[in-house]
Amino acid sequence: MKSMSDIIEYENLKLLNAPFEDAYKQLFNETLQSGWYILGENVSNFEIEFAKYCDVKYCLGVASGLDALMLSIVVFDFPLKSEIIVPSNTYIATILAIVNAGHIPVLVEPDIVTYNIDPLKIESKITSKTKAILPVHLYGKICEMDKICLIAQKYNLKIIEDCAQAHGASLNGIKAGSWGDLGAFSFYPTKNLGALGDAGAITTNDEKLYEKLKYLRNYGSLKKYFNKYIGYNSRLDEIQAGFLSIKLKYLDQINLHKKVLANYYFENIDSRFILPYVVQNFEDVFHIFTLRTDNRDELKLFLQNNNIKTEIHYPVSPNKQVAYKEILKNQECEISEIIHKTTLSLPISYYHNKSDIFRVIDVINKFK
Ligand SMILES: *Cc1c(COP(=O)(O)O)cnc(C)c1O
């Protein structure tokens, strides 16, 4: 029996993975015994399954979400220092991928209501050097991809979707990762579909891009010791692919569970807090559940004092990060900074239950 003094953690990866423990152990034994650990059947099976899940023709397993993004940019061979449009309030990986690929991140502010890139602010940032738009489906809500695709068409830009927080999210029934030229996924352990280590994937309907990416992730080579491209070492491990295939069967159930928990928050948290925006034709997967309040730091402390752990996604906007001061200079981001100052993420893991969430709600509503 849980009591009020038990800590409600923000996330607990051991508990999150407990339901899959037996299947994982069996998979580990099988993989160990197979003696085949890199680019084998587990990876190709997972790629087929995940492509199907995302309603795309192809999926390519890679080493991480960052690599999925970076390879998705590199594959186009844009001239060095091309401009790529990206939301100003994303996780740093999105911006780092652009920088690592040799290009310039051009920040576009989010819509303060959806927290996703504001389609109305994209066109004024497009120049002759712009080559791509990199929308991020933040917190599990897909961007307004219908509008973004029209802009990309008009200016002949590529679209690379950052789907690291949006496995299974959709707009008008069309899944994240199937709208753009490429979709980049992370399977970092905390994501809705998480491995037991680093892992990522790229989704696409474009056969040519898929074929080239197969080379790029493996030293630019498909035939051992023959290198067609310079390439990278960014392969998805057999063992992680196996774990992912196991969990993928439960992804819809995981997303549904998080949606049920989110609905408890929506129906019961006081209206003085700003809750995420929900719209009918957007299927959100609630990777993260954020509320916003001017007294964010006090609320976080109050919850902490009541044994409830929260997180901030994210405390510092990319343009204010020490490492990016030079790269992102003169790119003002007022709206991002408001979000970064006021946002607080509440517990919403697959292992949390109704009573956990109601305890969180109870404490939040008592906050003065
Ligand atoms: C997690 C995440 C990434 C990076 O994924 P890794 O697997 O950690 O490299 C990229 N973009 C966003 C929005 C993320 O949340």
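Going by the conditions given, is residue 93 within 12 Å of the ligand (Cβ to nearest atom), within 30 Å of residue 256 (Cα to Cα), at pLDDT 95 or above and small (Gly, Ala, Ser)? Please lay out each step first, then the result.
Working: within 12 Å of the ligand (Cβ to nearest atom): yes; within 30 Å of residue 256 (Cα to Cα): yes; at pLDDT 95 or above: yes; small (Gly, Ala, Ser): yes.
Against the criterion (within 12 Å of the ligand (Cβ to nearest atom), within 30 Å of residue 256 (Cα to Cα), at pLDDT 95 or above and small (Gly, Ala, Ser)), residue 93 qualifies.
Could you please find all residues in segment 132-151 being surrounded by 23 or more Cβ atoms within 10 Å (Cβ to Cβ) and either under 23 Å from residue 76 (Cβ atoms) or of a type in the set (S, T, N, Q) (or both)?
Hits for segment 132-151 are 132, 133, 134, 135, 136, 137, 142, 143, 145.
Would you mention how many residues in segment 152-172 are within 20 Å of the chain's Cα centre (by Cα), away from the ligand (no atom under 16 Å from the Cβ) and of a type outside the set (Ser, Thr, Tyr)? First the steps, then the outcome.
From segment 152-172, those within 20 Å of the chain's Cα centre (by Cα) are 158-172; that's our starting set.
Cutting the leftovers down to away from the ligand (no atom under 16 Å from the Cβ) gives us 158, 170-172.
Filter again for of a type outside the set (Ser, Thr, Tyr), leaving 158, 171-172.
Residues flagged as within 20 Å of the chain's Cα centre (by Cα), away from the ligand (no atom under 16 Å from the Cβ) and of a type outside the set (Ser, Thr, Tyr) within segment 152-172 amount to 3.
Looking only at segment 104-127, which residues are in contact (Cβ under 8 Å) with a residue 40 or more places away in the chain, under 18 Å from residue 146 (Cα atoms) and basic (Lys, Arg)?
Matches in segment 104-127: none.
Scan segment 313-338 residue by residue and report those that are of a type in the set (A, V, I, L, M) and either in a helix (DSSP H, G or I) or within 21 Å of residue 137 (Cα to Cα) (or both). So that I can check it myself, show each step before the final result.
Taking segment 313-338 and keeping what is of a type in the set (A, V, I, L, M), we get 316, 322-323, 327-328, 335, 338.
If the condition is that a residue be of a type in the set (A, V, I, L, M) and either in a helix (DSSP H, G or I) or within 21 Å of residue 137 (Cα to Cα) (or both), then 316, 322, 323, 335, 338 are the ones that fit.
Looking for something buried (at least 18 other Cβ atoms within 10 Å of the Cβ), under 23 Å from the mean Cα position of the chain (by Cα) and either within 16 Å of the ligand (Cβ to nearest atom) or in a loop (DSSP other than H, G, I, E, B) (or both) - is there at least one such residue anywhere in segment 296-310? Walk me through how you get there before you give the answer.
At the first step, the residues of segment 296-310 found to be buried (at least 18 other Cβ atoms within 10 Å of the Cβ) are 296, 299-300, 303, 306, 308, 310.
Narrowing the set further to residues that are under 23 Å from the mean Cα position of the chain (by Cα) leaves 310.
Filter again for either within 16 Å of the ligand (Cβ to nearest atom) or in a loop (DSSP other than H, G, I, E, B) (or both), leaving 310.
Taking every residue of segment 296-310 in turn, at least one turns out to be buried (at least 18 other Cβ atoms within 10 Å of the Cβ), under 23 Å from the mean Cα position of the chain (by Cα) and either within 16 Å of the ligand (Cβ to nearest atom) or in a loop (DSSP other than H, G, I, E, B) (or both).
I need the full set of residues from segment 307-341 which are aliphatic (A, V, I, L, M) and either in contact with a helix residue (DSSP H, G or I) (Cβ under 7 Å, 6 or more places away or on another chain) or within 24 Å of residue 276 (Cβ to Cβ) (or both), in order please. Before the answer, list the steps.
Keep residues of segment 307-341 that are aliphatic (A, V, I, L, M), which gives 308, 312, 316, 322-323, 327-328, 335, 338-339.
Listed by number, the residues that qualify are 308, 312, 316, 327, 328, 335, 338, 339.
Looking at this structure, is residue 287 under 30 Å from residue 27 (Cα atoms), away from the ligand (no atom under 16 Å from the Cβ) and in contact (Cβ under 8 Å) with a residue 60 or more places away in the chain?
Details: under 30 Å from residue 27 (Cα atoms): yes; away from the ligand (no atom under 16 Å from the Cβ): no; in contact (Cβ under 8 Å) with a residue 60 or more places away in the chain: yes.
Criteria not met by residue 287.
Yes/no matrix, rows are residues, columns are (1) surrounded by fewer than 18 Cβ atoms within 10 Å (Cβ to Cβ); (2) out of contact with any strand residue (DSSP E or B) (no Cβ under 7 Å at 6 or more places or on another chain); (3) more than 27 Å from residue 341 (Cα to Cα):
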position	(1), (2), (3)
22	yes, yes, yes
46	no, no, yes
63	no, no, yes
70	no, yes, yes
86	no, no, no
98	no, no, no
114	no, yes, no
117	no, no, no
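Residue-by-condition table, conditions (1) away from the ligand (no atom under 16 Å from the Cβ); (2) without any contact (Cβ under 8 Å) to a residue 24 or more places away in the chain; (3) assigned to a loop (DSSP other than H, G, I, E, B):
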residue	(1), (2), (3)
32	yes, yes, no
52	yes, yes, no
55	yes, no, yes
76	yes, no, yes
85	no, no, no
89	no, no, yes
98	no, no, no
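Is one or more of the residues making up segment 216-225 within 16 Å of the ligand (Cβ to nearest atom), in contact with a Leu (Cβ under 8 Å, 6 or more places away or on another chain) and either under 24 Å from residue 97 (Cβ atoms) or not aromatic (Phe, Trp, Tyr) (or both)?
Going residue by residue through segment 216-225, those that are within 16 Å of the ligand (Cβ to nearest atom) are 217.
From the residues that got through so far, the ones that are in contact with a Leu (Cβ under 8 Å, 6 or more places away or on another chain) too are 217.
Cutting the leftovers down to either under 24 Å from residue 97 (Cβ atoms) or not aromatic (Phe, Trp, Tyr) (or both) gives us 217.
Yes, because at least one residue in segment 216-225 is within 16 Å of the ligand (Cβ to nearest atom), in contact with a Leu (Cβ under 8 Å, 6 or more places away or on another chain) and either under 24 Å from residue 97 (Cβ atoms) or not aromatic (Phe, Trp, Tyr) (or both).
What is the residue count in segment 29-44 for residues that are crowded, with 17+ Cβ neighbours inside 10 Å and of a type in the set (Val, Ile, Thr)? Break it down stepwise before answering.
Of the residues in segment 29-44, the ones crowded, with 17+ Cβ neighbours inside 10 Å are 31, 39, 42-43.
Retained after the next criterion (residues that are of a type in the set (Val, Ile, Thr)): 31, 43.
Summing the residues that are crowded, with 17+ Cβ neighbours inside 10 Å and of a type in the set (Val, Ile, Thr) in segment 29-44 gives 2.
Go through segment 192-213 residue by residue and tally those that are loosely packed, with under 15 Cβ neighbours inside 10 Å and either touching a residue at least 60 places away in the same chain (Cβ under 8 Å) or away from the ligand (no atom under 16 Å from the Cβ) (or both).
First, the residues of segment 192-213 that are loosely packed, with under 15 Cβ neighbours inside 10 Å: 197, 207-208, 211.
From what's left, either touching a residue at least 60 places away in the same chain (Cβ under 8 Å) or away from the ligand (no atom under 16 Å from the Cβ) (or both): 207-208, 211.
Number satisfying all stated conditions: 3.
Considering only helices (runs of 4 or more DSSP H) fully contained in segment 159-274, which possess at least 1 residues that are polar (S, T, N, Q)? Walk me through how you get there before you give the answer.
Working: elements: 207-216, 238-248, 251-268.
Filter on segment 159-274 gives 238-248, 251-268.
Can you pull out every residue in segment 332-368 that is modelled with pLDDT under 95 and either buried (at least 18 other Cβ atoms within 10 Å of the Cβ) or in contact with a Pro (Cβ under 7 Å, 6 or more places away or on another chain) (or both)?
Result: 333, single match.
Only one of 249, 228 is more than 16 Å from the ligand (Cβ to nearest atom), of a type in the set (D, E, K, R) and more than 21 Å from the chain's Cα centre (by Cα). Can you tell me which? Explain how you work it out, then say what you get.
Numbers: 249 fails: more than 21 Å from the chain's Cα centre (by Cα).
Just one listed residue meets the conditions, 228.
The values are calculated or read from the model by the stated rules, or taken from the named source; none is laboratory data. The model shown is predicted, which means the values in this text are computed figures rather than measured ones. Please note: Cβ atoms are built from the backbone with ideal geometry, for glycine as well, and neighbour counts cover all protein chains shown.
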